[in-house]
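The values are calculated or read from the model by the stated rules, or taken from the named source; none is laboratory data. Since the model is a prediction, treat every value here as computed from it, not as a measurement. Cβ placement follows ideal geometry from the backbone for every residue including glycine, while neighbour counts extend to all protein chains displayed. Remember, those area values only see protein heavy atoms, side chains included, never the ligands or the DNA or RNA. Shrake-Rupley method; radii C 1.70, N 1.55, O 1.52, S 1.80 Å.
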Amino acid sequence: MKEGINWDVMNTEGNGLQQLLCHPDGSVFRLDLRDSVGGIFRSVDGGTNWTKIFPPEGLNITDYSHVSPMVLDRMGRILVCTWVDSGFYLSKNSTFTEWENCSSGFWGDDFRHDKYLNASQVAQDPKTGIFYADSRGASVFKSKPDLASL
């Protein structure tokens, strides 16, 4: 691999890399949107090796182009939106092997129950822990306080 003065190449698996997050524990997470091999991957060795951590066992996602975005919350958990299949998922443990669906009340565009969950941005207030999400530009949603403490 080609190396540079300021940057080292750590992963060249092809198109599909959508987002990166750095965790306070030193882990790096990547969101990969390639069909059949996509998901969230974690590296604990600076990007040399990657382990798939999402979707969890039993959650069948067939089109990873519909998994985005992910946000690291103030407690070190990851919130990810699977906007066609199943909704928002929040990691529940430090190894990122357990996930909880926390989509109740987020209906998609224009508050319609017949539309898929469809968030393009998610953010968390660092003081209150409240999450904010948009439904692809149609509406802004605010989480209930209990979501921050799950």
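Annotations for the structure displayed:
- VAL37, VAL140, reordered so the largest accessible area comes first (probe 1.4 Å): VAL140, VAL37
- Maximal additional length on extending the ASN60-ASP125 stretch stands at 20.3 nm, based on 0.36 nm per residue less the C-alpha distance.
- Amide proton proximity set for GLY87, modelled H, under 5 Å, gap of 5+: THR82
- Local electrostatic count at MET75 - Lys and Arg +1, Asp and Glu -1, tallied over other residues with Cβ under 15 Å: -2
- Net charge in the neighbourhood of ARG42 (other residues with Cβ under 9 Å of its Cβ; Lys, Arg +1, Asp, Glu -1) is +2.
- Sequence of MET70, MET10, MET75 from largest to smallest accessible area, 1.4 Å probe: MET75, MET10, MET70
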